[in-house]
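J.: One structure follows; several queries about it will come next.
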Amino acid sequence: MEKEKKPIQLPRYQQIAVEIAERIADNRYPVGEKIHARSTLASNFNVSPETARKAINVLVDLGIMEVRHGSGAYVLSKEKAEVYLEKYQDVQSIQEVKQAIMESVQQQKRELENFTELLDQLVSQTKRVHNFAPFVPYELRLDSKAAHLNETINDLNLWHETGATVVAIQKQENILLSPGPYAKLCADDILFFVGNELSFQRMHHLFYPEKLSK
């Protein structure tokens, strides 16, 4: 769901300055008209006279209005009001882009923190699995092309040659648990053994040396 954009808030007197400029650009306040800060602006915009005077001062500084001493504030230039509104829109666009970038950065930061947390969980779980991995047996089926058929575990000196410990041998429908050193290995046997990845590779190389050498 797309997040709703929050409007960029200007100080109240600047908001009023923009609205007065819009009215001047639309000829609702024609050039030469006197605008009373206390009576007209304060009541129309529901603000204090001081806030209204600040808004007029902004427009005076921009040459959109002028203050005639002893008389009051008058609309001076429609063209400058239009230029001011155009620049205001550009500034608003820049501020909106800046706000969107900051929100995107914050969103990416939150996503990165979430990713880091998930990664930490994965590493933790992987470590736990790794601690138990040596007790999960590998399987190796001996087909008719396997080497060392009809030899015993003792004949092959399996543990010294491979680092693997045979924990079971499946012979057709029967499973021989904890086979002794004189258990004979035959075609169609399935060896179950524990060890590390190197032990697994050495067992394959022992019984199928040609496959690994190709």
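J.: According to a simple spin-label model (label point 7 Å from Cα along Cα-to-Cβ), what is the distance in nm between Glu86 and Asn27?
T.: 2.0 nm
J.: Counting only other residues whose beta carbon sits under 15 Å from that of Ala187, what net charge do I get with K and R as +1, D and E as -1?
T.: Taking every Cβ under 15 Å from that of Ala187, the sum is 0.
J.: Among residues other than Lys171 whose Cβ falls under 10 Å from its Cβ, what is the net charge (Lys/Arg +1, Asp/Glu -1)?
T.: -2
J.: Of His69, His160, His148, His36, which has the most accessible area with a 1.4 Å probe, and how do the rest follow in descending order?
T.: His69, His160, His36, His148
J.: Also, quick follow-up: Report the net charge of residues surrounding Thr152, where surrounding means a beta-carbon distance below 15 angstrom and charges are Lys +1, Arg +1, Asp -1, Glu -1.
T.: Neighbour charge sum, excluding Thr152 itself: -2.
J.: Residue-wise, which Karplus ³J(HN,Hα) couplings in Hz belong to the stretch 191-206, taking 6.51 cos²θ - 1.76 cosθ + 1.60, θ = phi - 60°, and x for glycine or proline?
T.: 8, 10, 9, 10, x, 9, 4, 5, 4, 4, 5, 5, 5, 4, 5, 5
The values are calculated or read from the model by the stated rules, or taken from the named source; none is laboratory data. In this text, all values refer to a predicted model and were calculated from it rather than measured experimentally. As a convention, Cβ positions derive from the backbone with ideal geometry for all residues, glycine included, and neighbour counts pool all protein chains shown. Keep in mind that these areas ignore ligands, DNA and RNA; they rest on the heavy atoms of the full protein, side chains included. Shrake-Rupley method; radii C 1.70, N 1.55, O 1.52, S 1.80 Å.
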